[in-house]
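Structure first, then comments.
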Amino acid sequence: MGGEAAHARGFAPHYQTMENLKSEIVKFAHLMYQKGYSIATDGNLSALRDDGNILITPAGFRKGEINENTLVVINQKGEKVEGTEEPSSEKWMHIYIYSVRPDVKAIIHAHPPYATAFSLQMPREYEPILPEMKMFIGKFGFVAYKEAGTLELAELVKEKAKKYNVLILQKHGIVTYGKSLSEAFNNLERLEFEIKIRALKNLFKFQL
Ligand SMILES: [Zn+2]
């Protein structure tokens, strides 16, 4: 377990300190919203603290509007240990991924439009087309549809996270992760770009 092959290939060294975890989550949450990778109150971000607790975005906030005071700390049982807001309803996906990937220190769940459209088809494993995707991430895994926020979805995500560095959730969105929020965000952008290029290449069907 632990996806040795996956993280041997997958992750360039990015490091985050405990001091900047809150500001990193806020920075990448705002960026995610500004770039249209999640709309309305969708999507969530988390980072693993040294004490084993998880800093996570709150439920019910647009990601462009959160600040450090709205973040929540939960333990591995899903209980809130710090914060005035409620944690994201997708907290179990985050907890379960950390439980099977000791190399992962940050997780982002988003609904970027191209990857979300791609997720409407039946799930299977895909080889990437783009070289950067092959180099940094490898194959991307599909997770069959389960209702958002459920333990059933978190269980399926956990199993696929052992093998893949990025996941597409059927009829829903994506989950990416890494050694830092920066790396998780890079993986989000690379995955969305890969799917966007797959869609756009269909515009160029030249006939000789
Ligand atoms: Zn979602």
Q.
So if I place +1 on the C-beta of Lys and Arg and -1 on the C-beta of Asp and Glu, and nothing else carries charge, what would the dipole magnitude of the chain be about its Cα centre? I want it in debye, nearest 20.
A. 780 debye
Q: Among 133, 122, rank each residue by its count of other Cβ atoms within 10 Å, from fewest to most, as a rough exposure measure.
A: 122, 133
**Q.** Beta bridges per DSSP with both ends in segment 118-208, % antiparallel, nearest 5
**A.** 60 percent
Q) Of 120, 180, 131, which is farthest on the positive side of the dipole of segment 4-201, counting Cα position, with +1 on Lys and Arg Cβ, -1 on Asp and Glu Cβ, and the Cα centre as origin? A) 131
(Q) How high is the relative contact order of the chain? Use alpha-carbon pairs under 8 Å, at least six apart in sequence, and give a whole percent. (A) 24 percent
Q: With the Cα gyration tensor of segment 4-201 in hand, give its eigenvalues times 5 under a square root as the equivalent ellipsoid semi-axes, listed largest first in whole angstrom.
A: 24, 17, 16
Q.
What whole-number distance in Å separates the alpha-carbon centres of segment 33-68 and segment 138-165?
A. 19 Å
Q: Please identify, among 50, 42, 103, the residue showing maximal mean-square fluctuation in a Gaussian network model of the chain using a 10 angstrom Cα cutoff.
A: 50
Q) Highest GNM mean-square fluctuation, the chain, Cα pairs closer than 10 Å: which of 38, 46, 99? A) 99
Q: Pop out the ³J(HN,Hα) list for segment 100-117 in order, Karplus 6.51 cos²θ - 1.76 cosθ + 1.60 with θ = phi - 60°, rounded to Hz; leave Gly and Pro as x.
A: 10, 10, x, 7, 8, 10, 8, 9, 10, 10, 9, 10, x, x, 5, 5, 5, 4
Q) Pick from 161, 148, 115: which is most flexible by mean-square fluctuation in a GNM of the chain where alpha carbon atoms under 10 Å apart are linked? A) 148
(Q) What does the net charge come to around residue 47 if you take all other residues with beta carbon closer than 9 Å to its beta carbon, with K and R at +1 and D and E at -1? (A) +2
**Q.** Computed [θ] at 222 nm, helices only, for the chain once each DSSP H run of length n ≥ 4 contributes -39500 (n - 2.57)
**A.** -10500 deg cm²/dmol
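Since every read-out is calculated from the coordinates, none of them should be taken as a lab result. Because the structure is predicted, anything quoted here is derived from the model rather than measured. As a convention, Cβ positions derive from the backbone with ideal geometry for all residues, glycine included, and neighbour counts pool all protein chains shown.
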